[in-house]
Amino acid sequence: MRKTPSPRRIITLLAVAGLALPLSACFSDTTQPGASASGTAGASGDARISIAMLQPPRSGLTPLSDDAFKLSRWSMAETLITLDENGDAQPGLATEWNQTSPTEWRFTIREGVKFHDGTDFTAERAAASLTAATKATPLPRILNGVGMVVKADGTDVIVTTENPDPLVPQRLSSPQLAMLAEAAYGADGVVDPVGHGTGPFELVAVDGTAGATLNRYDGYWGEKAASAGIDVKFVPDGTARAAALRTGTAQVVEAIPVGQVAQIEESLVHEVPMPRTNTLYLNTESGPFADPAVRAAAAEAIDRATVVDTVYEGRADVAAGLLGPALPWAADLRSGAAYTEELEHHATAPAKVDGVKITLGTFTDRAELPEVAVLIAQQLEKAGFVVEQDVREYTYIEADALEGKFDLFILSRATIIDSGDPVAYLASDFSCEGTFNISQFCDEEVDALIQKASETEAGPERREAIMMAEAAILSRDAAIPMLHERVIQGEAAGVSGVDRDPRERTLITSKSVVE
C-alpha cells in the first residue's frame, strides 16, 4: 500500500481579478524618464521601451517572492548563475565554480561589478544576499529542503548543503536568489530593490501596483543597454493588453489571450512554448482506473489534436510526453531505443469498456479547462465510459483532487519551476511519497528511476535518466499528457532584441531596442 501524505499545496493557481482599465488610464504618462540615481538618463534621442505586463507585484517587488521574475525580466537584478536553453548552468555574476565535496560548492565572484548605488559587488555581499534568502519567511521555493549555508572566502563564495545536491548551480540561477546591495535589506526583513541591482537597467521608481520605471545604467559591467530605459505598466485585463499593442501604447506585451490574437496583425504576435503541460491524471489506486487495462482504454480514447485545434485554436503543442518543447532535449531523447523499450515494458492492452462510470474533475481558474473537460468527456463517452463532470474554482477542488476523490482530473501543470529541471515535478506528482500525487500513483520501479535522476549530475546523463522516468510513468498510464501550452507575446513593429523565454525569466535585455 502506498503511504498517503498529508496533502500539501505546492502550487498555487490564482485567478487574476480586476476590471479592465481604459487604455488612457493604463498608459497615461506617469513614468519618470529623467536621470537615474547614477546620473544617467540615456543618450539624447535614445528611445525607451514600454511594456504591458500581466500581473502586478504581489509583494512590493521583493526578490524573495515571485515578484523576482519581474526584476529578472527587466534585466535589473542578476544572479550568480544563468541557464542556457537546455537548463545547463552558465556564468553570471559568478565566473566559475566547482564541487569541492559531496555537499560543498565554491563559486568565484566576477570582479569589477558595481551595484546601482555605486557600492562594490563582492563575495561578502553575494554571501549576504544568499544568506538573507535562506532566512526569509516564506523560504524561496528553490531552497525548500536544501538546508543551504553560505559564506565568503576571499573572492569566492562557498555554498554548503545538508545533503549532496547536484543542482546547486542551477538553484543559484533562480531570480529569487538575485544579488542586491546592502542598502536593499531593511532591519524589518523588507527588501527594497529600487536602486540596488546590478543589471543593465536600474529600477528608479515603482508606482504601487500600477507601474515601474527603469533607466539605463551606464556603469554596467557587461554590454550596455541599447535603450534609454523601460516604462512598465501592469495590465491584468487581457483585452486591454491586446489593445495596447494594437494602438501602439505598448511596444512589448505579455500573455495576449488566444481570443484576442485574431484582432492583431500577425507579424506582431509571437508564440513561446511554456514548460506547462495540460495533463489528464488517472486515479490508479481506487475505482475503475486501478485496473491498468481500463487506464489503457482511456488513454486510447483521448484525441489530443482535437483539443488543441478546438479549445486552443491551434495555439498549443500536441503532447508526446510529460515534457514539452520548452525543454528542447526531451523530444530527441524520446527517439532512443532505451526510451522506447521502457515505454513498451509495462504497456497493457486496452480493456473493452461498456458503461463504466467515472468522475472527471477540473477547475475554472484557467478559462480553457472547463472546455477541455467537455471535449474529453465526449471522447471517453464515445469509448463506452459514462462520465460525470465536477468543475469548481481551484480553491474548492484542490483538496478533493489530492485525496483521490476523482477518477480523472485535468490539470495545467508547470513541469519546471525555478531550477530549470523537471525532477522535482516528477517526484511530487508520480513518486510514492509525492506531495502532489493526484494519480495516487506508487510504483517501486518508477520511484527508483526518479531517484536515479535526482542523484545524477546535471547534464546529458541526468536528462537521459529523466526521460527514462517519463517513459515508465507513461507506460503505466498514470497520466495522459494532452498538450503543452504556449504564451503569446506581442512585439510592436520596430522592436528588436526582445527575449522570448519559455521560463519567463528574461524579456528586455541589453540588446532590446525600439527603432
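Go through the range 357-368 and count every residue that is at pLDDT 95 or above and out of contact with any Asp or Glu (no Cβ under 9 Å at 6 or more places or on another chain).
The qualifying residues number 0.
Give me a count of the residues in the range 444-467 that are surrounded by fewer than 19 Cβ atoms within 10 Å (Cβ to Cβ) and either of a type in the set (Val, Ile, Thr) or part of a loop (DSSP other than H, G, I, E, B) (or both).
3
What number goes with the only condition from (1) modelled with pLDDT of 95 or more; (2) touching a Pro at 6+ places or on another chain (Cβ under 9 Å); (3) surrounded by 21 or more Cβ atoms within 10 Å (Cβ to Cβ) that Phe436 does not pass?
All conditions are met except number (1).
Assuming Glu124 fulfils every condition listed in (1) assigned to a helix (DSSP H, G or I); (2) closer than 22 Å to Ser65 by Cβ; (3) not basic (Lys, Arg) apart from one, which condition is it?
The single condition Glu124 does not satisfy is (2).
Just name the residue that is nearest to Glu300 (Cα to Cα) out of those in the range 360-391 that are hydrophobic (A, V, I, L, M, F, W, C), open to solvent by 10 Å² or more (accessible area, probe 1.4 Å) and not in a strand (DSSP E or B).
Checked the range 360-391; the qualifying residue nearest to Glu300 (Cα to Cα) is Ala383.
If you go through the range 228-242 one residue at a time, do you hit one that is among the hydrophobic types (A, V, I, L, M, F, W, C), over 30 Å from Val113 (Cβ atoms), touching a Lys or Arg at 6+ places or on another chain (Cβ under 6 Å) and in contact (Cβ under 8 Å) with a residue 12 or more places away in the chain? Step through it out loud before you land on a result.
Let us first name the residues in the range 228-242 that are among the hydrophobic types (A, V, I, L, M, F, W, C), namely 228, 230, 232, 234-235, 240, 242.
Those still in the list that are over 30 Å from Val113 (Cβ atoms) too: 235, 240, 242.
In the following step, the residues that additionally are touching a Lys or Arg at 6+ places or on another chain (Cβ under 6 Å) were identified as 235.
Subsequent filtering for residues that are in contact (Cβ under 8 Å) with a residue 12 or more places away in the chain retains 235.
Yes: one or more hits.
Any residue in the range 116-125 that is open to solvent by less than 20 Å² (accessible area, probe 1.4 Å), of a type in the set (A, V, I, L, M, F, W, C), at pLDDT 95 or above and closer than 20 Å to Pro175 by Cα?
Pass one, the range 116-125, residues open to solvent by less than 20 Å² (accessible area, probe 1.4 Å): 116, 121, 123.
Subset that is of a type in the set (A, V, I, L, M, F, W, C): 121, 123.
Imposing the further condition that a residue be at pLDDT 95 or above reduces the set to 121, 123.
Applying the additional criterion that residues be closer than 20 Å to Pro175 by Cα yields 121, 123.
Scanning the range 116-125, I find at least one residue that is open to solvent by less than 20 Å² (accessible area, probe 1.4 Å), of a type in the set (A, V, I, L, M, F, W, C), at pLDDT 95 or above and closer than 20 Å to Pro175 by Cα, so the answer is yes.
Looking at Ala377, Ala453, Ala349, Ala458 in this structure, which one is closer than 30 Å to Asn98 by Cβ and free of Cβ contacts under 8 Å to residues at least 60 places away in the same chain?
Values: Ala377 fails: closer than 30 Å to Asn98 by Cβ; Ala349 fails: closer than 30 Å to Asn98 by Cβ; Ala458 fails: free of Cβ contacts under 8 Å to residues at least 60 places away in the same chain.
Only one candidate qualifies: Ala453.
Looking only at the range 283-307, which residues are surrounded by fewer than 20 Cβ atoms within 10 Å (Cβ to Cβ), of a type in the set (S, T, N, Q) and in a loop (DSSP other than H, G, I, E, B)?
The answer is Ser286, and nothing else.
So, Ile410, is that one closer than 22 Å to Arg304 by Cβ, of a type outside the set (Asp, Glu) and crowded, with 17+ Cβ neighbours inside 10 Å or not? Quick ask: steps written out before the conclusion?
Details: closer than 22 Å to Arg304 by Cβ: yes; of a type outside the set (Asp, Glu): yes; crowded, with 17+ Cβ neighbours inside 10 Å: yes.
Considered against the rule, which asks whether it is closer than 22 Å to Arg304 by Cβ, of a type outside the set (Asp, Glu) and crowded, with 17+ Cβ neighbours inside 10 Å, Ile410 comes out as yes.
Which condition number in (1) under 29 Å from Ser419 (Cα atoms); (2) within 25 Å of the chain's Cα centre (by Cα); (3) open to solvent by 40 Å² or more (accessible area, probe 1.4 Å) is the one that Ile256 fails?
Failing condition for Ile256: (3).
Of the residues Ala225, Ala205, Ala212, which is of a type in the set (A, V, I, L, M), open to solvent by less than 10 Å² (accessible area, probe 1.4 Å), in a strand (DSSP E or B) and closer than 21 Å to Ala181 by Cα? Reasoning before the result, please.
Working: Ala225 fails: in a strand (DSSP E or B); Ala205 fails: open to solvent by less than 10 Å² (accessible area, probe 1.4 Å).
None of the others qualify; the one that does is Ala212.
Taking the options Ala331, Ala349, Ala338, name whichever one is among the hydrophobic types (A, V, I, L, M, F, W, C), exposed (fewer than 13 other Cβ atoms within 10 Å of the Cβ) and assigned to a helix (DSSP H, G or I). So that I can check it myself, show each step before the final result.
Numbers: Ala331 fails: exposed (fewer than 13 other Cβ atoms within 10 Å of the Cβ); Ala349 fails: assigned to a helix (DSSP H, G or I).
Result: Ala338 is the single residue among Ala331, Ala349, Ala338 that is among the hydrophobic types (A, V, I, L, M, F, W, C), exposed (fewer than 13 other Cβ atoms within 10 Å of the Cβ) and assigned to a helix (DSSP H, G or I).
If a residue must be more than 15 Å from Ala298 (Cβ to Cβ), not β-branched (Val, Ile, Thr) and not in a helix (DSSP H, G or I), how many such residues does the range 392-422 contain? Spell out the reasoning first.
Just the residues of the range 392-422 that are more than 15 Å from Ala298 (Cβ to Cβ), to begin with: 392-405, 411-422.
From the residues that got through so far, the ones that are not β-branched (Val, Ile, Thr) too are 392-394, 396, 398-405, 411-414, 418-422.
Then drop every residue that is not not in a helix (DSSP H, G or I), which leaves 392-393, 403-405, 411-414, 418-422.
Final tally of qualifying residues: 14.
Among the numbered conditions (1) crowded, with 24+ Cβ neighbours inside 10 Å; (2) farther than 21 Å from Glu491 by Cα, tell me where Ala242 comes up short.
Going through the list (1) crowded, with 24+ Cβ neighbours inside 10 Å; (2) farther than 21 Å from Glu491 by Cα, Ala242 breaks only (2).
Mind listing just one residue for me: the one in the range 480-515 that is small (Gly, Ala, Ser) and assigned to a loop (DSSP other than H, G, I, E, B) and, of those, most open to solvent (accessible area, probe 1.4 Å)?
Start the filter on the range 480-515 by keeping residues that are small (Gly, Ala, Ser), which leaves 490, 492-494, 496-497, 510, 512.
Among the residues that remain, those that are also assigned to a loop (DSSP other than H, G, I, E, B) are: 492-494, 497, 510, 512.
Details: Ala492: 19, Ala493: 86, Gly494: 31, Gly497: 35, Ser510: 18, Ser512: 0 Å².
By that ranking, first place goes to Ala493.
So Trp329 clears everything in (1) more than 22 Å from the chain's Cα centre (by Cα); (2) under 24 Å from Val272 (Cα atoms) except one condition, right? Which one?
Among (1) more than 22 Å from the chain's Cα centre (by Cα); (2) under 24 Å from Val272 (Cα atoms), Trp329 violates only (1).
The values are calculated or read from the model by the stated rules, or taken from the named source; none is laboratory data. Keep in mind it's a predicted model, so treat the numbers as computed, not measured. Note that we place each Cβ from the backbone using ideal geometry, even for glycine, and neighbour counts take in every protein chain shown. Please note that ligands, DNA and RNA were not included when accessible areas were found on the heavy atoms of the full protein model with its side chains. Shrake-Rupley method; radii C 1.70, N 1.55, O 1.52, S 1.80 Å.
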